[in-house]
Amino acid sequence: MTLPSSPSEEVLLAIAWRAVRASYTADQLEGAKIELRNSVHSTFHVDDGSHSGGLLVEVWLIHPNNDHLRDADATADATGLMIQEIYALGYKDALMLLYHGYPDTPSRHRQAA
Amino acid sequence: LTYSKDLLESARRLVGGPRARPKHSDCNRAVSTVYYAVFDHLCRAVANKIVGPFGKYASPTENWVQVYRSIDHRRASEVLKKYLDPASPTHLKQFATHFARLQNARIGADYDPAKKFNKSEVEDLIDDATSAINHLDNVTKDEMAGLIVALVVRTSQR
């Protein structure tokens, strides 16, 4: 059976949530949402510092109510779980990379000040 | 290997202290610097293992520079991708995972005009880079040897 060129957004979101829930507590994820960005087939060759091909999915975990999770190992673990799962689906050249997003709101700046 | 940590300090200065509100251009430059700190740390670690470290106040030798510069971004990306496998040694796997994330972030920051990192996102990436550097510093001698071979040895067809 031939795989589709990329998994559906629904499948990618399910993979992302499983990985995130395995790596962070429910408290840490309160109010969080996931956005998939730049889901592209990429053969990036700008100044030879780049992704060498395949599906690249940026998984942005948006924390509207949380401050920094400050847990780099959990971020790497979640990323590893996503990559493991998408490899298992047969997408051997795919990368799913987790990033944390913090909406740049005025209230956030007031809190910091 | 303090230069890579100095680069992370440069990134912190770009985004400023708790009350600072850096421009997106400063944030994007900081992301680029954060990635470069990790890449530099990798190149220095390899050169130090092959040629040997140079003194704090000494200049690197020609051989050291040659090894340092033999590692390019794409090669590093391809080699480290192999360590994303869950069966890889922990420190190498964590380093490789952060490397992939930071390199992709840097490509966005440097080449995508629509990409706008904010201060909090940069601060997270600085933490990730710090962690990556610590993980690389903790790989075993044998693991490092395997990584070095993969990074610098080009197999030829005879």
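Association of chains B and A removes close to 3100 square angstrom of accessible area from solvent, both sides included, for a probe radius of 1.4 Å.
Dimensions of chain B from C-alpha coordinates, computed as largest minus smallest value along each principal axis and given longest first, are 55, 40, 28 Å. Can you send over the carbon and sulfur percentage of the accessible area for the protein assembly as shown, probe radius 1.4 Å, protein chains only? Solvent-exposed carbon and sulfur of the protein assembly as shown make up 50 percent of the total. Once the Cα atoms are used to define both axes, helix B:141-152 deviates from the longest principal axis of chain B by about 80 degrees.
Give me the compactness ratio for segment B:82-158, meaning the Cα radius of gyration over 2.2 N^0.38 Å.
Cα Rg divided by the expected 2.2 N^0.38 Å: 1.34.
Peptide A:79-87 shows a mean partner chain C-beta count of 3 within 10 Å per residue C-beta.
Other protein chain C-beta atoms within 10 Å of residue C-beta, averaged over B:133-139: 1. Note that segment A:79-94 has calculated 3J(HN,Hα) couplings of 4, x, 5, 5, 5, 4, 6, 6, 4, 4, 6, x, 8, 6, 9, 7 Hz, one per residue in order, obtained from phi through the Karplus relation 6.51 cos²θ - 1.76 cosθ + 1.60 (θ = phi - 60°); glycine and proline are x.
The listed peptides A:95-103, B:8-16, ordered by packing as a protection proxy, come out as A:95-103, B:8-16 (highest mean of other Cβ atoms within 10 Å first). Our summary gives chain B a relative contact order of 31 percent, counting only alpha carbon pairs under 8 angstrom and 6 or more residues apart.
The values are calculated or read from the model by the stated rules, or taken from the named source; none is laboratory data. In this text, all values refer to a predicted model and were calculated from it rather than measured experimentally. Glycine gets a Cβ as well: all are built from the backbone with ideal geometry, and neighbour counts include every protein chain shown. We work out accessible area using only protein heavy atoms, side chains counted, and drop any ligands, DNA or RNA first. Shrake-Rupley method; radii C 1.70, N 1.55, O 1.52, S 1.80 Å.
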